[in-house]
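Student: Below you'll find the structure I mean.
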Amino acid sequence: MGTLDNKTAIVTGSSRGIGAEVAKILAGEGAAVVVNYRQKAPRANKVVAEIQAAGGRAAAVGADLTTDEGVHALASTAMEQFGSLDVLVLNASGGMETGMEEGYALKLNRDAQINMLNAAVPLMPEGSRVVFVTSHQAHFVETVPTMPEYEPVAKSKRAGEDALRALLPSLADKGISLVVVSGDMIEGTVTATLLDRSNPGAIEARRAEAGKLYSVEEFAAEVAKMVTADVETGHTEYVGGADYFSKSAE
């Protein structure tokens, strides 16, 4: 018996990277998983195929989370294909991509997170959990300066976290808990790659400062743990980068 048998999870931004690994872990624990992608269907289909080959249940859904149609497509797929919605992992984020509209980072990292949650909550029973994935660079952005190239993304993700935390009382009324997972820079992620491209040496410098950076797989395992962890709603789980705590206290 898995810890998530008969449960259904949506993992946003899960066609690759951290989201894909979280989806696979949750499926391995028994959950049916809705794998979300924005454009790259083959990547998402590959994640679904891996889950199914391991005996799990999953479905891929193409959805732009910055649209009402996108968030409702994800929520409705969970109900139509698997009959429930018990876990929402808000992993999708962005803002460093080229060619995006002005204000896109805030639209995705704040507005889309709230819209996705609002679409999911009416379908989620008491005891459900929401996990928001962020970074130390965003979580501590008001007290610890980050790289200029990343600052717009960091501030928009912090705005998203604040907006989600403002909903804690209404979520508690429904018996739904919210947990935030904050991690240091993660080796091999799209954000890290883009950041290193715009600021060469940034990842190596952060690795030297922190002593170790988590891999995608290691961080995904920590995110997945928070889906069933016995913690209070509003809890923040810090993964790596202990020096951020001392900096924020200065």
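The values are calculated or read from the model by the stated rules, or taken from the named source; none is laboratory data. Values in this document were obtained by computation on a predicted structure and should not be read as measured data. Every residue, glycine among them, receives a Cβ derived from its backbone with ideal geometry; neighbour counts consider all protein chains shown. Keep in mind that these areas ignore ligands, DNA and RNA; they rest on the heavy atoms of the full protein, side chains included. Shrake-Rupley method; radii C 1.70, N 1.55, O 1.52, S 1.80 Å.
Student: Hey, can you tell me all the residues within the range 56-71 that are of a type outside the set (Val, Ile, Thr) and either surrounded by 15 or more Cβ atoms within 10 Å (Cβ to Cβ) or outside any helix (DSSP H, G or I) (or both)? Break it down stepwise before answering.
Tutor: Within the range 56-71, the subset of a type outside the set (Val, Ile, Thr) is 56-60, 62-65, 68-70.
Selection gives GLY56, ARG57, ALA58, ALA59, ALA60, GLY62, ALA63, ASP64, LEU65, GLY70.
Student: Here is a further query. Quick check: anything in the range 72-92 surrounded by fewer than 18 Cβ atoms within 10 Å (Cβ to Cβ), in contact with a Gly (Cβ under 9 Å, 6 or more places away or on another chain) and assigned to a loop (DSSP other than H, G, I, E, B)?
Tutor: Applying the first criterion (surrounded by fewer than 18 Cβ atoms within 10 Å (Cβ to Cβ)) to the range 72-92 yields 72, 76, 79-81, 83-84.
Within this subset, residues satisfying the condition of being in contact with a Gly (Cβ under 9 Å, 6 or more places away or on another chain) are none.
No.
Student: Return yes when ILE18 is assigned to a strand (DSSP E or B) and under 24 Å from SER156 (Cβ atoms) and no when it is not.
Tutor: Numbers: assigned to a strand (DSSP E or B): no; under 24 Å from SER156 (Cβ atoms): yes.
It is false that ILE18 is assigned to a strand (DSSP E or B) and under 24 Å from SER156 (Cβ atoms).
Student: Across the range 29-50, what is the total count of residues that are part of a helix (DSSP H, G or I) and open to solvent by less than 70 Å² (accessible area, probe 1.4 Å)?
Tutor: Going residue by residue through the range 29-50, those that are part of a helix (DSSP H, G or I) are 41-50.
With the extra rule that they be open to solvent by less than 70 Å² (accessible area, probe 1.4 Å), the set shrinks to 41, 44, 47-49.
Of the residues in that region, 5 qualify.
Student: Check whether at least one residue in the range 127-141 is more than 14 Å from the chain's Cα centre (by Cα) and among the basic types (Lys, Arg), and report yes or no. Reasoning before the result, please.
Tutor: Initially, the range 127-141 is screened for residues more than 14 Å from the chain's Cα centre (by Cα), giving 127-128, 137, 140-141.
The next check asks that each one be among the basic types (Lys, Arg); those that pass are none.
No, the range 127-141 contains no residue that is more than 14 Å from the chain's Cα centre (by Cα) and among the basic types (Lys, Arg).
Student: Of all residues in the range 93-110, which are open to solvent by less than 20 Å² (accessible area, probe 1.4 Å) and not in a loop (DSSP other than H, G, I, E, B)? It would help to see each step written out before you state the result.
Tutor: Taking the range 93-110 first, the residues open to solvent by less than 20 Å² (accessible area, probe 1.4 Å) are 94, 104-105, 108-109.
Within the range 93-110, TYR104, ALA105, LEU108, ASN109 meet the criteria.
Student: Next up: Cβ-Cβ under 6 Å, sequence separation 6+ or interchain: first residue in the range 28-49 and small (Gly, Ala, Ser), partner part of a helix (DSSP H, G or I). Which pairs?
Tutor: Here the result reads ALA32/PHE82, each pair linking the range 28-49 to a residue that is part of a helix (DSSP H, G or I).
Student: Return the only residue of ALA53, ALA9 being free of Cβ contacts under 8 Å to residues at least 12 places away in the same chain and either open to solvent by 30 Å² or more (accessible area, probe 1.4 Å) or hydrophobic (A, V, I, L, M, F, W, C) (or both). Step through it out loud before you land on a result.
Tutor: Details: ALA9 fails: free of Cβ contacts under 8 Å to residues at least 12 places away in the same chain.
Answer to the selection: ALA53.
Student: Of all residues in the range 179-216, which are of a type in the set (Asp, Glu), buried (at least 17 other Cβ atoms within 10 Å of the Cβ) and out of contact with any strand residue (DSSP E or B) (no Cβ under 8 Å at 6 or more places or on another chain)?
Tutor: ASP196
Student: Now a separate question. Give me a count of the residues in the range 217-250 that are open to solvent by 70 Å² or more (accessible area, probe 1.4 Å), at pLDDT below 90 and part of a helix (DSSP H, G or I).
Tutor: Residues meeting the conditions: 2.
Student: Restricting to the range 120-142, give me the number of residues that are farther than 18 Å from VAL181 by Cα and either open to solvent by 10 Å² or more (accessible area, probe 1.4 Å) or without any contact (Cβ under 8 Å) to a residue 24 or more places away in the chain (or both).
Tutor: Within the range 120-142, the first condition is being farther than 18 Å from VAL181 by Cα, and the residues that meet it are 120-127.
Now restrict to residues that are either open to solvent by 10 Å² or more (accessible area, probe 1.4 Å) or without any contact (Cβ under 8 Å) to a residue 24 or more places away in the chain (or both): 121-127.
So the answer is 7.
Student: Could you please find all residues in the range 143-173 being of a type in the set (A, V, I, L, M, F, W, C) and open to solvent by 60 Å² or more (accessible area, probe 1.4 Å)? Step through it out loud before you land on a result.
Tutor: The initial filter retains those residues of the range 143-173 that are of a type in the set (A, V, I, L, M, F, W, C), namely 144, 147, 153-154, 159, 163-164, 166-168, 171-172.
Scanning the range 143-173 gives a single hit, ALA166.
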